[in-house]
């Protein structure tokens, strides 16, 4: 059925700066080294797929069109360095506003959809992000996860007993993935 691993990337705080709910494409700013890191994944023929929670949509702070515009801006910024994302998947929900869903990270739906769309082997894939919820799907699918930066205080209880290597940035994560 499928045999390719992928690298699932969180967006805000992993690829781009995270100032809060990004509705303006002009506010999309790549983190240092992110474009080159993604280009290295491209050269290694590893699909680079963004999966992001966008609860600002459920909160009424942005709409689907604004999210799509920020995704296009991200793609354009990456293209300036010759890099590309293979796909974008997002969850527009928040349990306090829309009720529970299976697409909000760490839920499985968006990863399962990506696996079907791109013929991916989730057990051989990587999850990279700056929050625990970005990495928990790695456990569900028997993949591997890498935590960027220092753990946030609200993630510390959930990290107890888990073994996610911590790396400084996306470039360092790609170093490990490509070893």
Note on region 80-130: contact order normalised by length, alpha-carbon pairs under 8 Å, 6 or more apart, percent, works out to 21
From the helices alone, meaning DSSP H stretches of at least four residues, give me the mean residue ellipticity at 222 nm for the chain, per-run term -39500 (n - 2.57), in deg cm²/dmol to the nearest 500.
-10000 deg cm²/dmol
Within the set 21, 97, 141, GNM on the chain using Cα springs under 10 Å gives the largest fluctuation to 97
Rounded to whole Å, give me the distance from the Cα center of region 48-96 to that of region 2-36.
8
Please check: in the Gaussian network model of the chain (C-alpha springs, under 10 Å), which one of 55, 125, 81 has the largest mean-square fluctuation.
81
Would you mind giving the average projected area, over all directions, of the Cα convex hull of the chain in nm² with one decimal?
9.8
Calculated on alpha-carbon atoms, Rg and Dmax of region 37-98 in Å
13.7, 41
Over the chain, relative contact order from alpha-carbon pairs under 8 Å, at least 6 apart, %
25
Residue separation times 0.36 nm, minus the C-alpha to C-alpha distance between residue 152 and residue 172: what's the value?
5.3 nm
Please report the spacing between the Cα centers of region 144-179 and region 119-143 in Å, no decimals.
12
Within 10 Å, count the other beta carbons around each residue, average over each peptide in 60-68, 107-115, and list them highest first.
107-115, 60-68
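Since every read-out is calculated from the coordinates, none of them should be taken as a lab result. Because the structure is a prediction, the values reported are computed rather than measured. Cβ: placed from backbone, ideal geometry, glycine included. Neighbour counts: every protein chain shown.
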